[in-house]
1. Would you list 67, 53 from the most to the least accessible area, probe 1.4 Å?
2. Under a 1.4 Å probe, what is the accessible area of the chain per residue, stated in Å²?
3. I need to check one value: relative contact order of the chain, counting alpha carbon pairs closer than 8 Å and at least 6 residues apart, in percent.
4. Tell me, which longest segment in the chain has none of the chymotrypsin sites (Phe, Trp or Tyr not before Pro) that fall in DSSP loops with at most 13 further Cβ atoms within 10 Å?
5. Can you tell me the length gained on complete extension of the stretch residue 108 to residue 30, counting 0.36 nm per residue apart and subtracting the Cα distance?
6. At a Cα cut-off below 28 Å, give the lysines reachable from residue 76, other chains included and same-chain residues fewer than 8 away excluded.
7. Please figure out what share of the DSSP beta bridges in the range 1-95 is antiparallel and state it in percent, rounded to the nearest 5.
8. At 1.4 Å probe size, with the rest of the protein present, what percent of the exposed accessible area of the chain is carbon and sulfur atoms?
Amino acid sequence: QVQLVESGGGLVQAGDSLRLSCAASGRTFSSYAMGWFRQAPGKEREIVGTISRAGGLTDYASALKGRFTISRDNAKNTVYLQMYNLKPEDTAVYYCAARSGAQSWLGKEYEYWGQGTQVTVSS
């Protein structure tokens, strides 16, 4: 079992950068692949990207590749989402999630979820 807590969201202007953090409990963090998801008002949850257990492999939604990067520090039980050149359409609640084993593109396959952190981007 792992508990996840996101932080780092806030209100920013278009073009700004933010780094979100997701802190995990437990001593088996390296056993979990991680994903970042987001949900905008009135829209379904969508994938942001994933990172493998050791952090060597990442995958991103094509529309976000080049602006968003995911990294992890297994010694600190933390995964990060670095966001550059934020746009109003990036406004959403951002969630991190964990699953045993390999990465997955499907949110339904993730076992553990954080509470989310709000990112609001003004024009």
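1. The ordering from most to least exposed comes out as 53, 67.
2. Per-residue accessible area for the chain comes out at 52 Å².
3. Relative contact order, the chain: 36 percent.
4. Between exposed loop sites, the widest span is 1-83.
5. Length gained, residue 108 through residue 30: 26.0 nm.
6. Partners within reach: 65, 108.
7. 95
8. The computed percentage sits at 47.
The values are calculated or read from the model by the stated rules, or taken from the named source; none is laboratory data. All values reported here derive from a predicted model rather than from experimental measurement. Positions of Cβ are generated from backbone atoms using ideal geometry, with glycine treated the same way; all protein chains shown enter the neighbour counts. The accessibility values were calculated without ligands, DNA or RNA, using every heavy atom of the protein model including side chains. Shrake-Rupley method; radii C 1.70, N 1.55, O 1.52, S 1.80 Å.
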